[in-house]
1. Calculate, for Val56 and Gln331, the FRET efficiency according to 1/(1 + (r/R0)^6) with r their C-beta to C-beta distance and R0 30 Å; round to the nearest 0.05.
2. Return the aspartates and glutamates within reach of Lys162: Cα separation strictly under 17 angstrom, same-chain partners fewer than 8 residues apart disregarded; answer none if there are no such residues.
3. Rounded to a whole number of µm²/s, how large is the Stokes-Einstein D of the chain at 20 °C and 1.002 mPa s, given Rh as the Kirkwood radius over C-alpha pairs?
4. When all C-alpha to C-alpha distances in region 241-363 are sorted into bins of 5 Å, what percent of pairs does each bin hold, rounded to whole numbers?
5. Could you tell me how many degrees, from 0 to 90 and to the nearest 10, lie between the Cα long axis of helix 214-230 and the main elongation axis, the longest principal axis, of the Cα atoms of the chain?
6. Relative to the Cα centre, what is the charge dipole magnitude of region 220-277, using +1 at the beta carbon of each Lys and Arg, -1 at the beta carbon of each Asp and Glu, and rounding to the nearest 20 debye?
7. Once you've got the GNM for the chain with C-alpha springs shorter than 10 Å, pick whichever of Thr191, Thr211, Thr97 has the biggest mean-square fluctuation.
8. Any idea which of Ile278, Met75, Met233 is furthest toward the positive side of the dipole for the chain, if Lys and Arg beta-carbons carry +1 and Asp and Glu beta-carbons -1?
Amino acid sequence: MKIVTVIGARPQFIKAATVSRVVSGVNEIDEVLLHTGQHFDENMSHIFFNELDIPVPKYNLGIAGGGHGKQTGLMLEKIEEVLISEKPDMVLVYGDTNSTLAGSLAAVKLHIPIAHVEAGLRSFNKKMPEEINRVMTDHSADLLFAPTETAIRNLEKEGISKTKIINVGDVMYDASLYYLQKAEGKTSILTNLGLREKEYILATIHRAENTNDDQILSGIFNSLEEIANNHKMVFPIHPRTKMALDKMNYSFDKSSIKFIEPLGYLDMVMLERNAKLIITDSGGVQKEAYFHKVPCITLREETEWVELVEKGFNFLANAANIKEVLRLAFQTEISADDGVYGNGFAANKIIEELLIFKNSKSI
Ligand code: UD1
Ligand code: UDP
C-alpha cells in the first residue's frame, strides 16, 4: 500500500517521526513524505528531520505565510498535483494546521481515502483556525485515529460512523517516551542556559488568538514579566510571536524573560522535564507538561485536552488572573500516568489499523 503523508508544521514533524519510524519497518507500506513548507526556518523544520531521523521528504512545496485562504489554496493546488502523479492508496494527515486541511481537501476531492491522526479534538471555538481545519478533516476522513475517549465522544456526537473511529492513544506520548531516552545524556541545554533543575519556568506562546491582538499580547507579556521578576523564566520564541512583539517594539533587551531561539525537540524535552512550571498556549506542550509531571498553566479560554484540566494538572488562565492561578499551580503534584493518552504504542496501533484497512480493500 502506498501512503502519501502530508506534514508542514513543527508539531507534525514530531508526530510523524513516531509513525514513520514504525512504518519504515513494515514491508507492506510504502510511505512518501510531502512537506508543504509551512514551517521553514532551520529551528522550526530542518532540525526535527535531523534529530528525529525523519527521512528527507520527497516533496517540499515551499508554501508558507500569507492569509489562510492563500496559504491553504496554494497548498491544495500543489498537493493535488502530487497526488495525481503518485496515485497513493491513502493520504495520512496529522493534527489541525492549514497543511492538514489542504492535504485532506486534495485527497477527498480525488476520492483517495484519508487517515487522520489526532482526530476528534474540539475546542468548540470556531474562531480558532485549527477548529475549522479539524472538523473539515474529520468529516473527510475514512480512518479517524482519536487520541482519547473524549475525542471519540466528540466524533460520535457529530454523527461520524463508529466503524471509522479508533482510539489509538496519543502519538505525542509515544514521542515523549522514545525521545526522552535519546535526549538524556545528549543535550546540555540546562548548562548552556545556566539553569538548574526545578528552578525555572518554561514558557511558550504562539496562538493566533494571543498574538494577533496587540492588547492581548501586551497583557500577556506584562504579566509574564512580573512573574519573571521573581522566577527565572525561559522562553523559546515562535516566529509568529517574535514578529508580533517586534511590531509592538517590545524591548527584548530590558525584559526579565530569557528569550531563546526555538529549540530542537531533544532540548525542548529536557527543558520541559526539568521545569518547575510550564506556561503555554501550545496544544503539544500542555500534554508534555503532564507526561513529564510538571504543572501547567494554559493561557487560553478553553482547551481540547480537557482531561488534564479536569484532573487539576492544567489550569486555564488569562493575563488578568495568571498570578492568582500561579499559586495553585505551584501547589500541584502530578500523580502517576493513568493511561489517559494511551500506552506509548499509538504508532503501532495506527500501523495495525492501516494494514487492516489495506487488507479489507485488497490493496
Ligand atoms: C501553525 C498552525 C498552528 C500550530 C502552529 C505550530 C495553522 C493555521 N496554524 O501556526 O495550529 O499550532 O503552526 O507551531 O496552520 N514563520 C516563519 N518561520 C517559520 C514558520 C513560520 O517565519 O519557520 C512565520 C510565517 O511566515 C507566518 C507566521 O510565522 O508569517 C505564522 O506561521 P503559520 O505557519 O502561518 O502559523 P503558525 O502560527 O506557525
Ligand atoms: N517544541 C519544540 N521546540 C520549541 C517549542 C516547541 O520542539 O521551541 C515542540 C514541543 O515540545 C511540542 C511541539 O513542539 O512537541 C508543539 O508545537 P507547537 O507548540 O508549535 O504547536 P501546537 O502543539 O500548539 O500545535
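1. Numbers: r = 47 Å, r/R0 = 1.55.
Here the calculated transfer efficiency is 0.05.
2. Partners within reach: Glu118, Asp138, Asp142, Glu149, Glu353.
3. Numbers: Rh = 20.9 Å.
Answer, rounded: 103 µm²/s.
4. So the P(r) values, bin by bin, are 2, 9, 15, 17, 17, 14, 9, 6, 5, 3, 2, 1, 0.
5. The angle comes out at about 60 degrees.
6. Numbers: 8 positive and 7 negative charges, 11 e Å.
Here region 220-277 has a charge dipole of around 60 debye.
7. Among Thr191, Thr211, Thr97, the largest GNM mean-square fluctuation belongs to Thr191.
8. About the Cα centre, the residue reaching furthest to the positive side is Met233.
Read the figures in this text as sums done on the coordinates, not as results from a lab. What you see is a predicted model; the values in this text were computed from it and never measured. No Cβ is skipped: glycine too gets one built from the backbone with ideal geometry, and neighbour counts run over all protein chains shown.
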